[in-house]
Amino acid sequence: MEALDEVSPIFKDQMTYSMMDISRPEGLERFKQVRKKLDRKPNVPSILINEEIVFDSIPDSDTLIEAIRQRI
């Protein structure tokens with residue numbers, strides 16, 4: 001979340017984000033939905049943008065910023 005916390009001010013009202021906490025029932029349910037939709041288990045941590053796994057690990061800020069720009 002730190003990477004997203006760091007870059008989110010750049011995008012202000014253009015994006016929202018949340019963390020899937022799989023230790024909580026609602027997070028586990030969301031994880032199962034994502035897994036079913038993607039037909040594979042996402043790595044932890046992963047960053048999904050618009051329901052697509054974009055990163056299987058936490059990227060540097062510049063890479064994350066570019067990926068978000070390409071998708072908004």
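Just so it is clear, none of the values below were taken in a lab; they were calculated from the coordinates. Please read all numbers here as calculations on a predicted model, not as lab measurements. Cβ: placed from backbone, ideal geometry, glycine included. Neighbour counts: every protein chain shown.
Here are the numbers for this structure:
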{"quantity": "The chain, helix-only ellipticity at 222 nm - DSSP H runs n ≥ 4, -39,500 (n - 2.57), divided by all residues, nearest 500", "calculated": "-15000 deg cm²/dmol"}
{"quantity": "Inter-probe distance in nm under a simple model that places probes 7 Å from Cα toward Cβ, at T63 and E2", "calculated": "1.6 nm"}
{"quantity": "Relative packing of peptides 64-71, 9-16 - highest average C-beta neighbours within 10 Å first", "calculated": "64-71, 9-16"}
